[in-house]
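Below: the structure, in structure tokens.
The values are calculated or read from the model by the stated rules, or taken from the named source; none is laboratory data. Not measured: the values here are computed from a predicted model. Quick reminder, even Gly has a Cβ in these numbers, built from the backbone with ideal geometry, and neighbours come from all protein chains shown.
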Amino acid sequence: MSQKISFKNETGYVFDFSVRWQSSDGKWNTTESCGGYPATQSRTLSLDEIGVPADAVAVTPYGHTVSQLSGQGTPPVTFASNDHIAIYEATVTPEKELKITLIE
């Protein structure tokens, strides 16, 4: 359970992301773009500040690179009002697929 979400960009490309969250009715919603940032940088965001409601059932990043690779983070986490940070890392596989993986 996390209050914040962090992204580490290890793709080698500029990475643009948003956050997807699931409501109690099972519907997935997406925040506006949280912006792009260069390779080897990271960014941490407070979920409530970017519009994810406290009753979100699941939260996961969604992103794409300027080279048009896209993907959703796995696994999703739950939103909780605490000081925990879910840290995801975005990488590109040798097969040129974008992977966004929870690492902490």
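Of everything in segment 87-104 that's charged (D, E, K, R) and closer than 19 Å to TYR13 by Cβ, which residue is surrounded by the most Cβ atoms within 10 Å (Cβ to Cβ)? First the steps, then the outcome.
To start, the set of residues in segment 87-104 that are charged (D, E, K, R) comprises 89, 95-97, 99, 104.
Then keep just the ones that are closer than 19 Å to TYR13 by Cβ; that gives 89, 95-97, 99.
Numbers: GLU89: 18, GLU95: 5, LYS96: 8, GLU97: 11, LYS99: 16.
So, considering only residues that are charged (D, E, K, R) and closer than 19 Å to TYR13 by Cβ, the one surrounded by the most Cβ atoms within 10 Å (Cβ to Cβ) is GLU89.
Considering only residues of segment 9-41 that are among the small types (Gly, Ala, Ser) and free of Cβ contacts under 8 Å to residues at least 40 places away in the same chain, which is surrounded by the most Cβ atoms within 10 Å (Cβ to Cβ)?
Applying the first criterion (among the small types (Gly, Ala, Ser)) to segment 9-41 yields 12, 18, 23-24, 26, 33, 35-36, 39.
Then drop every residue that is not free of Cβ contacts under 8 Å to residues at least 40 places away in the same chain, which leaves 23-24, 26, 33, 35-36, 39.
Details: SER23: 13, SER24: 9, GLY26: 8, SER33: 13, GLY35: 11, GLY36: 16, ALA39: 14.
Checked segment 9-41; the qualifying residue surrounded by the most Cβ atoms within 10 Å (Cβ to Cβ) is GLY36.
Listed here are the residues, each with its yes/no results for (1) among the aliphatic types (A, V, I, L, M); (2) closer than 15 Å to PHE17 by Cβ.
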position	(1), (2)
VAL52	yes, yes
ASP55	no, no
VAL59	yes, yes
TYR62	no, yes
GLN72	no, yes
VAL92	yes, yes
LYS99	no, yes
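Please specify each residue of segment 63-86 satisfying the condition of being among the hydrophobic types (A, V, I, L, M, F, W, C), within 16 Å of ASN9 (Cβ to Cβ), surrounded by 15 or more Cβ atoms within 10 Å (Cβ to Cβ) and modelled with pLDDT under 90.
LEU69
Out of all the residues in segment 53-69, is one or more closer than 20 Å to GLU95 by Cβ and β-branched (Val, Ile, Thr)?
yes
Can you pull out the residues in segment 41-64 that are among the charged types (D, E, K, R) and closer than 15 Å to ILE103 by Cα?
Taking segment 41-64 first, the residues among the charged types (D, E, K, R) are 43, 48-49, 55.
Within segment 41-64, ARG43 is the sole residue that qualifies.
Considering only residues that are free of Cβ contacts under 8 Å to residues at least 40 places away in the same chain and over 22 Å from LEU47 (Cα atoms), which ones fall in segment 77-100?
THR93, PRO94, GLU95, LYS96, GLU97
Under 9 Å between Cβ atoms, which residue pairs at least 6 apart in sequence (or on different chains) link something in segment 49-63 that is at positive phi with a partner that is part of a loop (DSSP other than H, G, I, E, B) and surrounded by fewer than 15 Cβ atoms within 10 Å (Cβ to Cβ)?
Sorted first by the residue in segment 49-63, then by its partner, the pairs are GLY51/GLU32.
Among (1) hydroxyl-bearing (Ser, Thr, Tyr); (2) under 16 Å from THR101 (Cβ atoms); (3) in a loop (DSSP other than H, G, I, E, B), there is one condition SER67 misses while meeting the rest; what is its number?
It fails just one condition, (2).
THR60 - would you say it is of a type in the set (S, T, N, Q), surrounded by 14 or more Cβ atoms within 10 Å (Cβ to Cβ) and in a strand (DSSP E or B)?
Numbers: of a type in the set (S, T, N, Q): yes; surrounded by 14 or more Cβ atoms within 10 Å (Cβ to Cβ): yes; in a strand (DSSP E or B): yes.
It is true that THR60 is of a type in the set (S, T, N, Q), surrounded by 14 or more Cβ atoms within 10 Å (Cβ to Cβ) and in a strand (DSSP E or B).
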